[in-house]
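Here's the structure we're looking at; comments come further down.
The values are calculated or read from the model by the stated rules, or taken from the named source; none is laboratory data. Quick caveat: nothing in here was measured; it's all calculated off a predicted structure. Here the Cβ positions follow ideal geometry from the backbone for every residue, glycine too, while neighbour counts run over all protein chains shown. For the accessible areas, the whole protein counts, side chains as well, though only heavy atoms, and no ligand, DNA or RNA atoms are used. Shrake-Rupley method; radii C 1.70, N 1.55, O 1.52, S 1.80 Å.
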Amino acid sequence: MTLRRPALALFLALATVYVVAGVWTTRRNTATGDEVMYFMAADSLLRGEGFELTSRWRALDGASYSPGVPVPPEEFARTTAPSLAREGSFPIHDLGLPVLAALPFALGARALTNAAIALVMAAAVAIGLRVALARGAARPAALAGAA
C-alpha cells in the first residue's frame, strides 16, 4: 500500500470528526477565552482597522464571536495592549492566527473559521503519519506518533 492511502484515510476520518465537532460546538456555545480576541483581531483586519480592537469591542454584542456576556472595560484593558506608535488597544496574542483566520472569517464567520482550523489540524496529523511511514516507522508506531 502506498504512503498516501493511510494518511488520506486518517485525514478524512479526522477532518470529519473535527469539522462535525467544531460545527456542533459552534452552534451550541458562544466563543470563550482567547477565541474572542482572535476573532476580534481578524474582524478588525477585515474592516480596515488594522489590529486596533476598540471598535470591535464596542460592537462585540452583535458579533458572531460574542461571548454572550459583556466584556467589562477592565477585562478588555487587561487582555489588550497599548501601542507606542498610535492610540488604541491592540492584541497581546500572536498575530499569525488572526491573519490566517481572516479569509475563512470573511467567507463564513466563526463557523467556517473553526472548520478551516479543523481541516488544518487533520492535515497536520496526516502529514505526520505520512512522514513517519516514509521514514520507516512501523504502522502502529507511526499512527501513535501522528496522534
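Over the chain, accessible surface divided per residue gives 61 Å², non-protein components excluded, 1.4 Å probe. Note on the chain: with a GNM built from Cα contacts shorter than 10 Å, the maximum mean-square fluctuation among G50, G96, G136 falls on G136. Toward the positive end of the charge dipole of region 67-147, about the Cα centre and with charges on Cβ (Lys, Arg +1; Asp, Glu -1), which of A123, G88, V71 goes farthest? Working it through, the farthest residue towards the positive pole turns out to be A123.
On average, how much area does the Cα convex hull of region 1-65 cover when viewed from any direction, in nm²?
Values: hull surface 24.9 nm².
It is 6.2 nm².
With the convex hull constructed from alpha-carbon coordinates only, region 61-147 shows a mean projected area of 9.0 nm² over all directions.
At 20 °C and 1.002 mPa s, grab the translational diffusion coefficient of region 47-94 from Stokes-Einstein with a Kirkwood Rh over Cα pairs, rounded to a whole number in µm² per second. My calculation gives 187 µm²/s for D. Apolar share of the accessible surface for the chain: 64 percent from carbon plus sulfur atoms, 1.4 Å probe.
Note on the chain: semi-axes of the ellipsoid equivalent to its C-alpha gyration tensor, largest first and rounded to whole Å, are 37, 16, 12.
Here the simple spin-label model places points 7 Å from the Cα toward Cβ, and for V69 and R27 these points are separated by 2.6 nm. GNM remark for the chain: springs join alpha carbons under 10 Å apart, and the peak mean-square fluctuation among V99, V120, V131 falls on V131. Be a star and scan region 87-109 for residues whose amide nitrogen sits under 19 Å from the point 7 Å along the Cα-to-Cβ vector of A124. Within reach of a label on A124, which here means backbone N under 19 Å from a point 7 Å along Cα→Cβ, region 87-109 contributes 93-105.
A Gaussian network model of the chain, with springs between Cα atoms under 10 Å, assigns the largest mean-square fluctuation among L53, L100, L112 to L100.
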